[in-house]
């Protein structure tokens with residue numbers, strides 16, 4: 001990849017304007033795995049969406065002026081999100097610590113502002129023509145529209161766009177981590193913070209769902225283990241969360257906490273490790289497992305209320321190569337049992353597999 | 001192959017009619033109403049209890065927010081953990097929040113778990129005991145959060161803006177300080193709970209997709225509860241703005257947070273909906289003038305918006321952005337240029353048309369989900385508006401001329417008493 005991030009993007013303003021005239025809205029985001037452009041508009045104006053997105057795929061407004069403005073906008077985004085917030089750069093620090101080979105060691109926006117400043121028109125062009133190709137895209141249409149009409153519009157607007165000779169090199173896979181990694185950062189923040197990142201499987205890995213449930217059991221909400229033991233009982237942390245990165249390739253399982261004033265990193269970390277050891281030594285009860293699966297079912301159902309969410313979910317399932325995943329997600333969670341959880345915890349939650357960031361309040 | 005015209009937009013339809021869905025209004029007890037709004041595809045429930053327990057009701061800063069967040073921290077028979085476990089077991093979520101004009105306690109659950117979750121939720125609402133130990137933990141964690149917030153330019157800017165626009169004594173300007181939080185006692189929470197929750201339930205709203213029987217279950221549960229509708233008198237609050245420029249130095253920042261605004265009108269004002277539309281054109285969406293000029297043309301910010309914020313006891317209109325410090329002066333000048341421009345030149349017809357269609361389209365999109373509809377229903381109830389309030393937007397937007405909007409801009413975007421708050425490097 002020439003441009004390690006897809007973040008330098010253009011918004012062709014005139015067509016955007018036209019979309020709004022048809023009652024629509026459009027936006028885009030770049031994750032570690034995909035760039036997703038999306039348009040929502042009244043069902044009877046769907047053709048405007050085809051018109052806009054097919055035009056965007058055909059070519060962009062590659063002008064120096066446009067690039068220079070968007071460069072500045074993204075630099076301001078970088079500052080707003082990563083530099084001008086307390087703890088804003090945690091992600092920029094933890095990724096290169098956890099990933100030595102895999103491109104996930106880059107934050108999507110770039111590692112530093114100079115990367116955005118140096119993006120030139122040729123890089124943007126070649127990135128665009130390589131990746132924004134019809135043969136490298138998935139189109140999802142959702143809403144009050146028939147399959148026939150969808151096909152007709154696809155043929156009309158997208159078929160004329162020629163396929164491109166897209167080259168995507170195989171990304172280097174991350175070699176197995178064999179020793180604990182630690183980094184200390186000092187910053188003008190009010191409280192110490194610790195982040196522990198463990199390598200876990202990718203989105204299609206059989207243990208993915210167990211890892212997700214594990215993060216809920218340990219850190220999801222007020223009945224979770226960490227909250228009750230470490231925040232409330234021992235009062236070592238003011239906040240302590242666990243979550244997974246959810247990437248397509250092997251991702252991260254993260255524990256992230258702000259230490260209470262006066263608590264040392266040693267005390268805080270050993271309390272976390274103690275809880276993890278305790279967890280590994282006994283099987284999760286059926287009741288606790290049912291609880292986190294029920295929570296997951298609620299999240300899925302509430303997420304599916306939004307048509308846009310459903311469309312995005314379908315797109316990501318298609319991207320992963322298993323379109324049925326959009327329907328069967330809950331079955332995968334239901335298949336997790338206490339033994340799997342224990343096995344996953346034992347394998348994953350070990351120091352040799354962990355990158356720890358100590359974020360010191362200066 | 002068809003000869004495609006990619007230059008011009010394909011023929012499209014404009015939105016001629018909006019309808020707000022039917023909802024039920026059921027009287028449970030004397031003047032206590034349950035509103036039920038069904039929409040969407042998933043069998044899910046959001047149940048909101050709305051209390052007279054917002055910033056305008058509290059007698060002491062941080063009382064409203066702590067009473068609200070402590071509701072889930074224990075009852076006569078259940079500890080905080082037991083409550084959380086019971087609700088989590090059925091995959092439900094219990095959320096509380098204190099707003100400017102009220103406080104809302106919400107249960108989210110799948111319809112199939114309603115009868116299991118509801119009694120636990122009701123127990124938390126009606127039998128809360130505010131344990132000393134839990135309060136202590138919440139205070140400590142809340143003080144930690146405050147320390148982090150005080151490092152954020154956006155937080156400082158917001159706080160100072162409300163203090164300057166409404167006056168420090170106004171309830172909307174009440175941001176809990178370290179001392180406010182430390183001083184809160186269990187007794188203060190209990191007295192607020194008794195007067196403003198137990199005797200302060202305004203109404204209940206259920207939204208989502210569910211069967212009639214679920215409405216029945218909810219109605220029965222409320223009927224059997226101790227809740228009674230009693231209207232408490234609300235005080236009158238004087239607004240005391242301090243117009244002018246206010247600068248808060250944060251020497252280590254790479255961006256400046258900025259809020260520029262003034263006192264505005266509430267939802268019941270005859271000009272309100274038109275002003276909302278004018279605000280959209282000015283800074284209310286991605287295609288707005290502020291975005292076009294300051295982001296898309298000059299690249300000075302990642303985002304800039306103008307907001308019309310109508311609370312029941314005071315409304316304000318403001319521009320909000322985080323901006324490149326080096327070009328801050330240029331950015332502020334451009335903001336004032338845009339204000340001047342919208343006051344002096346009529347808005348071109350095409351721009352008006354785009355904004356109108358966008359606005360109606362986004363309303364149509366929100367009809368997609370039950371919860372955004374419930375949010376709109378809440379606005380209707382809280383402001384005693386007619387059910388036609390939203391559908392009327394079509395005719396109002398269609399009949400508003402450029403000239404009228406220009407007059408509104410002169411009247412409501414007048415810069416004379418404007419408040420300007422900047423947080424950043426000198």
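The values are calculated or read from the model by the stated rules, or taken from the named source; none is laboratory data. The shown structure was predicted, so the numbers you read here are calculated from the model rather than taken from an experiment. Virtual Cβ from ideal backbone geometry, glycine too; neighbours counted across all protein chains shown.
State whether one or more residues within the range B:241-252 are crowded, with 16+ Cβ neighbours inside 10 Å, modelled with pLDDT of 90 or more and within 30 Å of residue A:79 (Cα to Cα).
yes
Can we say residue A:204 is under 16 Å from residue A:344 (Cβ atoms) and surrounded by fewer than 19 Cβ atoms within 10 Å (Cβ to Cβ)?
Spelling it out, residue A:204 is indeed under 16 Å from residue A:344 (Cβ atoms) and surrounded by fewer than 19 Cβ atoms within 10 Å (Cβ to Cβ).
Would you mind stating whether residue A:116 is facing chain B (nearest Cβ under 10 Å), in contact (Cβ under 8 Å) with a residue 12 or more places away in the chain, within 23 Å of the chain's Cα centre (by Cα) and crowded, with 17+ Cβ neighbours inside 10 Å?
For residue A:116, the condition - facing chain B (nearest Cβ under 10 Å), in contact (Cβ under 8 Å) with a residue 12 or more places away in the chain, within 23 Å of the chain's Cα centre (by Cα) and crowded, with 17+ Cβ neighbours inside 10 Å - is not met.
In this structure, does residue B:377 turn out to be over 22 Å from the mean Cα position of the chain (by Cα), assigned by TED's automatic domain parsing to the domain that holds residue B:321 and surrounded by 14 or more Cβ atoms within 10 Å (Cβ to Cβ)?
For residue B:377, the condition - over 22 Å from the mean Cα position of the chain (by Cα), assigned by TED's automatic domain parsing to the domain that holds residue B:321 and surrounded by 14 or more Cβ atoms within 10 Å (Cβ to Cβ) - is not met.
Would it be correct to say that residue B:281 is crowded, with 22+ Cβ neighbours inside 10 Å and under 19 Å from residue B:393 (Cβ atoms)?
When the stated conditions are applied, residue B:281 passes them.
Within the range B:292-303, does at least one residue satisfy the condition of being more than 9 Å from chain A (Cβ to nearest Cβ) and within 18 Å of residue B:419 (Cβ to Cβ)?
Checked against the condition, which is being more than 9 Å from chain A (Cβ to nearest Cβ) and within 18 Å of residue B:419 (Cβ to Cβ), the range B:292-303 yields no hits at all.
Please tell me if residue A:81 is part of a helix (DSSP H, G or I) and either without any contact (Cβ under 8 Å) to a residue 24 or more places away in the chain or over 24 Å from the mean Cα position of the chain (by Cα) (or both).
When the stated conditions are applied, residue A:81 does not pass them.
Yes/no per residue for (1) in contact with a strand residue (DSSP E or B) (Cβ under 7 Å, 6 or more places away or on another chain); (2) within 14 Å of chain B (Cβ to nearest Cβ):
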position: A:191; (1), (2): yes, yes
position: A:210; (1), (2): no, no
position: A:215; (1), (2): yes, no
position: A:226; (1), (2): yes, yes
position: A:238; (1), (2): yes, yes
position: A:255; (1), (2): yes, no
position: A:264; (1), (2): no, no
position: A:273; (1), (2): no, no
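Check whether at least one residue in the range B:129-145 is crowded, with 18+ Cβ neighbours inside 10 Å, away from chain A (no Cβ under 14 Å) and on the phi > 0 side of the Ramachandran plot, and report yes or no.
Checked against the condition, which is being crowded, with 18+ Cβ neighbours inside 10 Å, away from chain A (no Cβ under 14 Å) and on the phi > 0 side of the Ramachandran plot, the range B:129-145 yields at least one hit.
Among the residues that make up the range B:107-120, is at least one of them part of a loop (DSSP other than H, G, I, E, B) and surrounded by fewer than 17 Cβ atoms within 10 Å (Cβ to Cβ)?
no
Would you confirm whether or not the range B:94-101 contains a residue that is under 19 Å from residue B:230 (Cβ atoms) and within 22 Å of the chain's Cα centre (by Cα)?
Yes - at least one qualifying residue is present in the range B:94-101.
Could you identify the single residue in A:22, A:28, A:18, A:43 that is closer than 28 Å to residue B:348 by Cα and more than 8 Å from chain B (Cβ to nearest Cβ)?
A:43
Within the group B:335, B:319, which residue is within 30 Å of residue B:169 (Cβ to Cβ) and in a helix (DSSP H, G or I)?
B:335
With respect to residue A:145, determine if the residue is part of a loop (DSSP other than H, G, I, E, B) and loosely packed, with under 15 Cβ neighbours inside 10 Å.
yes
Take the residues in the range A:93-112 that are part of a helix (DSSP H, G or I), crowded, with 18+ Cβ neighbours inside 10 Å and out of contact with any strand residue (DSSP E or B) (no Cβ under 6 Å at 6 or more places or on another chain), then tell me which one is farthest from the other protein chains (Cβ to nearest Cβ).
Checked the range A:93-112; the qualifying residue farthest from the other protein chains (Cβ to nearest Cβ) is A:104.
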